[in-house]
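Beneath this line is the structure, given in structure tokens, with notes to follow.
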Amino acid sequence: MIFNSKKRKQAIQDFFEYIESDILPNETETEIVNGINRQLKSGIELIENNEWGVAFENLGSELVEHYVIIDRKGTELVKKIIKLCKLDKKWEFDLRRINSLGYKTGSWKLTDSEQLSKEHKYTFYKPSREITKNLKVGNIVKLTFEFDSSNSEHPSAERMWVEITEINGEKFKGKLDNHPFYLHELYAGDELVFEHKHIIDHDLEISEPNLVDKYYDRCFVTNKVLYDNAPINYIYREEPMEKDEERDYVDTGWRILSGDESDEYMDDSENISLVSLGAVLSRDDSFIELLESEIGTSFERNKNGIFEKINE
């Protein structure tokens, strides 16, 4: 029993020393530093009185409150404390800010965003090689990390930034610049190998024309078209809604229907969605050449599948 007490005490002391030497020097906000220091000081007394668990939980609560996230070294110390002091395993995830306990270890992989952008050219953009050839060591890029999870309420992928440390042609090495929220086995600072096809964003001050931006602005479309896969047979352009300064998009004025919606159906706002033009073009882009038409024009698909201008 005495031996176990010594191990518990040492485990808590090791965690306190880790916070003081590895975490505290990286914090710049006075409030956070003062709060951690108070818990470190009061915790020493608790440890001496064999109140190891209370000392750890008080310090842990301070870290969680101020969003101070521990790294791989800290996690290993916390796992040891949880086991020796029989504390709630949730501390391991709270101190890392992990949101999903359903992650399946070993399941993650980088998304081939080049293929994804080809399949969804109107709604998913990735930088071209003309852009990524300008990347240098020190730039940061964003990648998509796919993974499996038993928690159906959480996403199956997480987008994170990586700082480039080495470039060899289209091959890159980098350090993870984010703390993951779902992907348990990666930590900020971990080294990764990736390629051009994985890059979805960057910190370069250059851009290029792309279909996602071009067709980002909104249109109204019936849910028969958007969700029930009904064919698009009738489109018209009316005066757009007044621009709202809080939105980063505008209404184009385009209204897109199957053409057989009843008046009753159209009177129910729940049957109509406001989405990007790109979201509709991903389903059917046969009318894309008409999108520059002026306000007040209407088009209907004829029996040959061609859109014809109609007078109303």
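Output the residues belonging to the range 257-312 that are among the β-branched types (Val, Ile, Thr) and touching a residue at least 60 places away in the same chain (Cβ under 8 Å). Across the range 257-312, the qualifying residues are Val280, Thr297.
May I ask you to verify whether Phe3 is of a type in the set (Phe, Trp, Tyr), modelled with pLDDT of 95 or more and assigned to a helix (DSSP H, G or I)? When the stated conditions are applied, Phe3 does not pass them. Restricting attention to the range 67-100, which residues are farther than 16 Å from Tyr187 by Cα and exposed (fewer than 15 other Cβ atoms within 10 Å of the Cβ)? Residues satisfying the conditions are Lys83, Lys86, Asp88, Lys89, Lys90.
For Ser100, the conditions (1) in a helix (DSSP H, G or I); (2) within 34 Å of the chain's Cα centre (by Cα); (3) hydroxyl-bearing (Ser, Thr, Tyr) are fulfilled apart from (1). Assess whether Arg8 counts as being touching a Cys at 6+ places or on another chain (Cβ under 8 Å) and in a helix (DSSP H, G or I). Against the criterion (touching a Cys at 6+ places or on another chain (Cβ under 8 Å) and in a helix (DSSP H, G or I)), Arg8 qualifies.
Of a type in the set (Ser, Thr, Tyr) and buried (at least 19 other Cβ atoms within 10 Å of the Cβ), is that true of Ser128? In short, no. Within the range 227-275, the residues that satisfy the criterion of being under 27 Å from the mean Cα position of the chain (by Cα), surrounded by 10 or more Cβ atoms within 10 Å (Cβ to Cβ) and not β-branched (Val, Ile, Thr) are Tyr227, Asp244, Arg247, Tyr249, Asp251, Ser273, Leu274.
Here Arg247 meets each of (1) within 30 Å of Ser128 (Cα to Cα); (2) modelled with pLDDT of 95 or more with one exception, condition (2).
Candidates in the range 210-226 are the residues that are surrounded by 17 or more Cβ atoms within 10 Å (Cβ to Cβ) and over 26 Å from the mean Cα position of the chain (by Cα); of these, the one that is farthest from Asp268 (Cα to Cα) is Val225. Asp22: within 24 Å of Leu192 (Cβ to Cβ), in contact (Cβ under 8 Å) with a residue 60 or more places away in the chain and not hydroxyl-bearing (Ser, Thr, Tyr), yes or no? Answer is no for this residue.
The values are calculated or read from the model by the stated rules, or taken from the named source; none is laboratory data. Predicted model only: the values in this text are computed from it and were never measured. Cβ coordinates were reconstructed from backbone atoms using ideal geometry, including for glycine residues, and neighbour counts include every protein chain displayed.
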